[in-house]
Amino acid sequence: FIQQYTTIPICTYKSGILNYQTRVPAPLSNHKDFEIVYIKSGSAMYTVNDSKAVAHEGSMIFLSPYMVHTLDSLPDVDLEYLCLCFDSSLILNKALVADLENNRFFIKIHIEPDSVHYNTLINLFNEIYSSTETAKPFWEMNVMGNLNLMFAYLMQNNLYLKASQPSSTTVFSKNVINYIEEHYHEYITSHSIADDMHYHQSYFCRLFKKVFGLCFNEYLCLLRLEKAKVLLINSPDTSVTDIAFEAGFSNLSYFSKKFREQYKISPNQFINILSRVLGRFF
């Protein structure tokens with residue numbers, strides 16, 4: 001993935017062309033950001049909470065904050081997709097933001113190209129994506145304007161579901177994510193987080209595995225690897241050792257091993273590829 005990091009809390013993702021043989025297995029994700037995925041070509045299997053569905057070329061997938069989700073390619077089908085990921089603070093209606101972040105509202109997850117709403121939404125998506133990528137003067141105003149037009153359209157056309165109250169697993173996942181975001185760079189274990197959140201460790205571990213699809217240590221390692229990847233992109237003059245420690249790894253060789261297992265290349269190879277792709281000389 002190539003990510004474009006910006007001066008407002010929004011970034012773009014490009015998958016490149018993935019297939020079932022060469023893909024990196026995608027773990028379940030769960031975060032406070034809003035995410036919109038556009039299937040540029042091919043088809044994908046996506047999981048949201050406990051539901052699975054297939055999205056085909058042209059589909060848009062709306063992932064509200066704290067939804068447990070993943071996206072994966074299908075056998076014998078090449079997949080390419082684009083993604084916008086942004087903080088809900090960019091939405092001007094703060095009551096709506098609170099409803100989204102507390103899961104009182106969920107935007108309709110899957111919009112197909114044959115929907116009467118599709119053209120409006122995909123045009124807004126393309127404008128937001130293009131503006132974020134090109135970052136022309138005053139692009140932030142264009143992004144925020146179109147983003148708010150999109151959410152106004154979604155709400156005015158009833159493209160959302162209303163929940164009576166957040167589920168216990170939603171509250172759990174939200175609290176866990178906030179805790180890990182605050183402490184991932186420190187030494188933390190399932191015992192320490194369970195203790196701080198007032199759970200028995202064995203119950204915490206069972207619930208964590210059920211909600212996130214991974215054990216706590218696996219999830220924490222993957223999150224730290226993503227944090228390290230961001231630092232490698234945004235801090236080219238910082239040594240790999242310092243980046244590993246800043247992301248929460250206490251051992252450089254372990255960090256390098258896990259980075260290679262997850263991304264199929266070493267941290268230094270990742271830097272070299274970014275240098276060529278982005279034209280940045282690290």
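The values are calculated or read from the model by the stated rules, or taken from the named source; none is laboratory data. Just so it is clear, the structure is predicted and the values come from calculations on it, not from any experiment. Quick reminder, even Gly has a Cβ in these numbers, built from the backbone with ideal geometry, and neighbours come from all protein chains shown. Heavy atoms of the whole protein, side chains included, go into the accessibility calculation; ligands, DNA and RNA do not. Shrake-Rupley method; radii C 1.70, N 1.55, O 1.52, S 1.80 Å.
With Cα extents along the principal axes in Å as the read-out, I listed (i) 61, 47, 39; (ii) 53, 48, 41; (iii) 53, 42, 37; which label goes with the value calculated from this structure?
Correct label, based on the coordinates given: (ii).
In whole percent, and with a 1.4 Å probe on the protein chains, what portion of the accessible area of the chain is carbon and sulfur?
After summing per-atom areas, the C and S share lands at 53 percent.
If you average the sequence gap of Cα pairs under 8 Å that are 6 or more apart and divide by the length of the range 32-142, what percent do you get for the contact order?
Numbers: 173 pairs, mean separation 30.4, N = 111.
Relative contact order comes out at 27 percent.
Tell me what the chain gives for mean residue ellipticity at 222 nm when only DSSP H runs of n ≥ 4 count, each as -39,500 (n - 2.57), the sum divided by the residue total, rounded to 500 deg cm²/dmol. Could the numbers behind the result be given before it?
On the way: 10 runs with 128 residues, N = 282.
Mean residue ellipticity, 222 nm, calculated: -14500 deg cm²/dmol.
Using 17 Å as the cut-off for backbone N distance, which residues of the range 169-206 belong to the label zone defined by a point 7 Å from the Cα of SER250 along Cα→Cβ?
183-194
Report relative contact order for the chain in percent, whole number only (criteria: Cα-Cα under 8 Å, sequence separation at least 6). Before the final figure, lay out the partial values.
Working: 419 pairs, mean separation 42.8, N = 282.
Computed over the chain, the figure is 15 percent.
Give me the one-decimal nm value for the distance between modelled label points at ALA152 and SER192, 7 Å along each residue's Cα-to-Cβ direction.
Here the modelled spin labels are 4.7 nm apart.
What nm value, rounded to one decimal, do you get for the distance between ASN126 and ALA98 when each label is placed 7 Å out toward the C-beta?
In this crude label model, ASN126 to ALA98 measures out at 3.8 nm.
Once fully extended, how much extra length lies between HIS117 and SER235, figured as 0.36 nm per residue of separation less the alpha-carbon to alpha-carbon distance?
The HIS117-SER235 span can extend by a further 38.4 nm.
In the structure shown, do any of LYS14/LYS229; LYS108/LYS227; LYS136/LYS227; LYS32/LYS229; LYS227/LYS257 have a Cα-Cα gap over 21 Å, and if so which?
Listed pairs above 21 Å: LYS108/LYS227; LYS136/LYS227.
Only helices at least 20 Å long along their axis, Cα-based, and averaging -0.5 or more on Kyte-Doolittle count here, so list those DSSP H runs from the chain. Working shown, then result.
Details: long enough: 118-134 (24 Å, -0.26); 139-156 (25 Å, 0.43); 168-183 (22 Å, -0.33); 216-234 (27 Å, 0.58).
Helices meeting the criterion: 118-134, 139-156, 168-183, 216-234.
State, as an integer percentage, the relative contact order of the range 209-282 based on alpha-carbon contacts under 8 Å between residues 6 or more apart.
23
Between LYS32 and residues 5 or more places away or on another chain, which pairs have amide H atoms under 5 Å apart, with H built 1.01 Å from N, and which residues are they?
Excluding prolines and chain starts, which carry no amide H, the hits are TYR66.
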